[in-house]
Structures are given as structure tokens and as C-alpha cells.
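Undergrad: Mind having a look at this structure? Questions to follow.
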Amino acid sequence: RATMKSLRFISAEAFVSNSEFARKSLGSVAHNLFPLLFKASYLLEQGEVIHDLVKNWPLVDFNMGKLLGTTMDYQEDLSHRTCSVCLESCLTGLRDYVLNHRPCVKRLKVVDLTGIKDVEVQSCECKKTMGRWARTQLLSKLCLELLVYLKQAQCNSGTFEIRIDVLIDLFVTERNYDLVAQALLKKCCCPLKICCVAFRSDNLALQKFFYIIKLADPSLLRKLEIVHNVRLEMEHLEMLFNSIHFPLLMSLTLPARTFNVRRFTATDERMLTNIGEKLGEMTQLTELSVSFSILTGRIQKLLSPLKTPLKMLDVSNCSLNHADMAYLANSFHANHLEALDLSGHNILDLYPSTFTKLLSHSSSVLRSLTLEDCNIQDTHVNMLVLGLSPCHKLQEFKFLGNPLSSQALKHLFTFLCELPMLKNVEFPVPRDCYPVGITYPIDDASLCRFDHQKYESVAKELNLILLQANREDTKASTPLFGSYDAALQETNNELGAYLIKSFKEILEKFTTSLTK
């Protein structure tokens, strides 16, 4: 459905569509029209106009989220368009703003790039995206280029009087580490000050991670994601928390197997207690992801020191036991949980009443629930419906990888139609679409070996149930290999190369051992 545009916006589009004319005329444009022209240029992918708008930006702040978000003149939100042409034009325009020095008109103080959203489907015409990793790379490169240029020009002293804070979500891997580290190291000399609001690290040696996280100024950090190929274990996490403070941290994601209680000693128990206390000192922390850590019987020790209730908790595949589930159901976190991931736990078989209690406590706020690979069978559907019944705020429900029949899914979908705010459902391929005797959880090799024609027929019936209940607003799908991850998608070539290298090293060690 086409979004209505005001006459002002239509006029702005007409103005910027003639790139040459628009660029020549910017000097006579009223300052309060720059945001309008920027959004129109972004919509039409007029890179040269975007560059010149930013280069001559007359206002104190430049906030991408606000500029591209819903406005009175054009309500469509463009912040999910990570168009490479537009974003590169923005960042090079910012560099040239500094170089185009005119002291009497310099006003820009803050540039906020954190409102850009990375999504799977791009609606821009060029279809070329600039993800978070590439934005990190380009901004770092431009900062260093700026320093080189200023040094060669023997530095117009007025240029250094410019200080522009650039708020950004950094994404650092082995491939862009050197460039980003250099840009952060020389930040004090550069007019563009990289201010890291969120930091994601993947495929990075621990030593490098510890170095760059200090350069990124942890005192400003609101979100920290340490994922996949950063080999952070519990002792390293304790070192991190003992040496660095994160006073504003709101969200923390730790890599798989950060914790593993199966090999715990008395020293490890003390270490876990200390980590819990350090988490308790982070008074802003409301989101925690510890997926694929082994935390059997230790959830209370980790979470009870927290003074602020969690709004998001991911404990998927953490081998939780009844004591852990009972703690979660009765803790003060339960009443505040807006997003919960309990994937990989046989909850409806082992802890049905505790699970129902947990959902009833969080039902007034719960927006997202993920129960993938939880061995939910046809016999559990009534219990699941009972647990979900009070969750009227639920917007997203994901339950891939569960051995449910087509009939059970239809029964469940009939109930899901009653949840008024539900917008997204991720459901499994029905068990009866797979060969008889398939075992769960299904391995990757067998995941696609199902009757595709039968699946399509069932999927149509499930969507018809939604349609007949006037729930066209609810999207139902089966992403076999999990939901889209923009960061993973952007760096999958690098991660693939890393995994091949690791596998090769293991084979070489094995061969050497055999030879000996």
C-alpha cells in the first residue's frame, strides 16, 4: 500500500530528482528544509545530493533514525534501507563537512548512525547493502584518511576546533580489526570522534578483543555482543569484568560455552559468584544472552545478584534443570520478561507446571517467546495453549524443530488467532512430512529431506486458518535454518574461512599425533 506524501515532500522529490540543479541551489535553501530534502534524496537514492546535503549540513545534530523514520511529510520508515549508495554518500559527505571548513557556519556537533536497521529484504533499487561491519570499516577508513589529509595540509588549525561525536554500532572481526583499532587509537586527534554505543565482536583473538574493547571506551557502551568465534571462557569473562567497568551497559551477549558447570571446581564456583556480583553492579542491564552455555543448577547464582529486572533473557540450550526453571518462575525477573528463549529444553515433559507459572507471571509484558527444539509433541499442545492463553501482548512465537503433526499445528494455529497482537509465527515442518522413524532434534543433513508438496499444502491450510480469522496481519513461516541474522550474513565468508582453517589445524594436529 502506497504511503501518502505531503505536497512539501512531493516538491522535495521534484527538487532533488534533478541532481545538478539541486546541488547548485543548496546555498539558497532554508536550513529547516535540509531534513526534508535528505529523506527525499534517500528515497530516490540521489547519492550526490545526499553527499552535498551532509557536506553543508546547517543543523546541530544529524540523527539517521529520526531523519529516515516516520515524519509528518512522509510516514514510511526508511531506516531499514541500508542502501550502499546512500550510506557511502552520507559518510563521505561527513568527511567533506570537516574539510570544507568555514568557522562562521560550523554547527554540527552530533551524528547518530545507530538508528539504521539491518534487514533481510532491501527495498532500495540498487539492492546493494552496507551492513554494520561495512559501516564500521568505512567510518574508520574515512577517519584515518582525514587525519592523513590534515597532516599533509599541515593542518588548518580551525579544522581541529571542530568536534563531531559520531555515534555508531561497531562490528569488529579479524578482517577489519587493524583499521578500526587505528581509528580508535587516533580518535583524540581526529575531528570525527567515534563514539561506540554498541560493540559486536566475532572471529577475533581474545588478546585483540581485550585491547579494542578498552579503546572503544566501555564507559559509553550500551550493548556488548561477543559471539561465535571469540573463545571467551568464564575465567576470561571474570578478568574482563574485574579490569573494565560497563556503567551504562543494557545488553550483554556471551559466546557459546562461556560457562560449563560440568567441569566446575570450587574455584569455578567462586568465579561464577564473582561474575554474578559484577553483573549486579551493571544497574542498567536488562538484556542477557548466555545461549549454549552449560548452566545446570546455577541460574540463581548468576542472576540473583542483579538489581534491575531483566526484560530479555536467552538461556537456550543451557541444560537447565527443575531448580533453574523454578527460580526463573519465582524470580522478580519473571514479571518483567518481554523476550524469552528457552529453546533446547524439554519443558513441557519435565517442567509443565513451572513453565505455565513462568508464562503467567510474564504474560502482562511478554512480546517474544522462542521454544525451538523443545520436544513439543501432539500430547503437549493443550498444555502449551493453557500456558500461552494469558499472553495477550505476545507479538512473536517461534517453535521450529518440534515433532508436531499437521493436525496438532492446525489446532495450535486456531488458538494463536486469539492472541490479538501476534504478528510473527515460525512453525516447524510437520512431523508427518518427514519419513517415518525420523528422530528429533533433526540433524542438518536430514532437515531438508521432507515431502515439500505436502508441506506446502499444510502451510496453505495454516495460513487459511489465519485468513478466516481476519489475521492477515500475522506472518507464518518456516525458516529451516533459523531466522535471518544480518551480522552473520554479512561476514559469513570470513567465518567460513575461519572454520576451514580451524578444521585444517585440528587435522594437522591429529596427523602429527598419529605419526608420533
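The values are calculated or read from the model by the stated rules, or taken from the named source; none is laboratory data. These numbers come from a predicted model, not from an experiment. Counting neighbours? That spans all protein chains shown, and the Cβs are built from the backbone with ideal geometry, glycine included. Accessible surface is based on the protein model in full, side chains and every heavy atom, while ligands, DNA and RNA are left aside. Shrake-Rupley method; radii C 1.70, N 1.55, O 1.52, S 1.80 Å.
Undergrad: Place the peptides 110-116, 131-137, 465-471, 440-446 in order of packing, highest mean first, counting for every residue the other Cβ atoms within 10 Å and averaging per peptide.
TA: Packing order, densest peptide first, comes out as 131-137, 110-116, 465-471, 440-446.
Undergrad: Now, a different point. With the crude spin-label approximation of a point 7 Å out along Cα→Cβ, what separation in nm comes out for K127 versus N470?
TA: Roughly 3.9 nm, to one decimal.
Undergrad: Over the chain, with the other protein chains present, what is the accessible area per residue in square angstrom, probe 1.4 angstrom?
TA: Value returned for the chain: 47 Å² of accessible area per residue.
Undergrad: What are the radius of gyration and Dmax of segment 54-118, computed over its Cα atoms and given in Å?
TA: 12.7, 37
Undergrad: Next question, about the same structure. Please report, ordered by residue number, every helix of the chain (full DSSP H runs) that is 18 Å or longer along its axis going by C-alpha atoms and whose mean Kyte-Doolittle hydropathy reaches 0.0.
TA: Those that clear 18 Å and a mean of 0.0 are 84-99, 132-152.
Undergrad: With the full set of protein chains in place, find how many percent of the accessible area of segment 7-130 is carbon and sulfur; take the probe as 1.4 Å.
TA: Carbon and sulfur atoms account for 53 percent of the accessible area of segment 7-130.
Undergrad: While we're on this one: So for each of 15-28, 299-312, 80-93 I average, over its residues, the number of other beta carbons within 10 Å; can you give me the resulting order with the highest mean first?
TA: Taking the mean over residues of other Cβ atoms within 10 Å, the ranking is 80-93, 299-312, 15-28.
Undergrad: Here's something else I'd like to know. Any chance you could run the full-extension gain for R263 through L215? It's 0.36 nm times the residue separation minus the Cα-Cα distance, nm to one decimal.
TA: Using 0.36 nm per residue and subtracting the Cα-Cα distance, I get 13.9 nm.
Undergrad: Ok, one more. Report the extension gain between A323 and E461 in nm, rounded to one decimal, defined as 0.36 nm multiplied by the number of residues separating them, less their alpha carbon distance.
TA: Value of the extension gain: 45.7 nm.
Undergrad: Rounded to two decimals, what is the ratio between the C-alpha radius of gyration of the chain and 2.2 N^0.38 Å?
TA: 1.10
Undergrad: In nanometres, what is the gap between the two model label sites at I244 and S446, each 7 Å from Cα along Cα-to-Cβ?
TA: 4.2 nm
Undergrad: Which value in nm describes the separation of the simple spin-label points at T478 and A153, placed 7 Å from the Cα toward the beta carbon?
TA: So the two model labels end up 6.0 nm from each other.
Undergrad: With viscosity set to 0.692 mPa s and temperature to 37 °C, compute the Stokes-Einstein D of segment 7-130, Rh being the Kirkwood radius across alpha carbon pairs; µm²/s, no decimals.
TA: 226 µm²/s
Undergrad: Can you list residues from other chains, or at least 5 along the same chain, whose modelled amide H is less than 5 Å from the amide H of T129?
TA: Excluding prolines and chain starts, which carry no amide H, the hits are S84.
Undergrad: Where does the chain land at 222 nm, in deg cm²/dmol rounded to the nearest 500, when only DSSP H runs of n ≥ 4 count, each adding -39500 (n - 2.57), divided by all residues?
TA: -13000 deg cm²/dmol
Undergrad: Measure up K193/K278; K423/K460; K5/K117 against 25 Å on the Cα-Cα distance and list the ones that go over.
TA: Cα-Cα > 25 Å for K193/K278; rest within.
Undergrad: Continuing with the same structure: Mind checking which aspartates and glutamates have their Cα closer than 16 Å to the Cα of K410? Skip sequence neighbours fewer than 8 apart in that chain.
TA: D378, E418, E426, D432, E456, E461
Undergrad: OK, next. Relative contact order, percent, of the chain when contacts are C-alpha pairs under 8 Å separated by at least 6 residues?
TA: Relative contact order for the chain comes out at 7 percent.
Undergrad: On a straight-distance basis, which aspartates and glutamates could pair with K127 in a cross-link, Cα separation under 16 angstrom, same-chain partners fewer than 8 positions away excluded?
TA: E45, E88, D118, E490
Undergrad: Once amide H atoms are placed 1.01 Å from N in the peptide plane, what residues at a sequence separation of 5 or more from N63, or on another chain, have their amide H within under 5 Å of its amide H?
TA: Under 5 Å from the amide H of N63 lie the amide H atoms of D112, each far enough along the sequence or on another chain.
Undergrad: Could you work out how much longer the chain between S17 and L206 gets when fully extended? Use 0.36 nm per residue separation minus the Cα distance between them, nm to one decimal.
TA: 63.2 nm
Undergrad: Once phi is turned into ³J(HN,Hα) by the Karplus curve 6.51 cos²θ - 1.76 cosθ + 1.60 with θ = phi - 60°, what whole-Hz value does each residue of segment 429-438 show in order, with x for glycine and proline?
TA: Coupling constants for segment 429-438: 5, x, 4, 6, 8, 8, x, 4, x, 4 Hz.
Undergrad: Give a residue-ordered list of calculated ³J(HN,Hα) values for segment 307-312 (Karplus: 6.51 cos²θ - 1.76 cosθ + 1.60, θ = phi - 60°; whole Hz; x for Gly, Pro).
TA: 8, 10, x, 6, 9, 10
Undergrad: Could you tell me the relative contact order of segment 7-130? Use alpha-carbon pairs under 8 Å, at least six residues apart, and round to a whole percent.
TA: 30 percent
Undergrad: Taking H as built 1.01 Å from N, whose amide H comes closer than 5 Å to the amide H of C195, not counting residues under 5 places away?
TA: Under 5 Å from the amide H of C195: V166, L167, I168.
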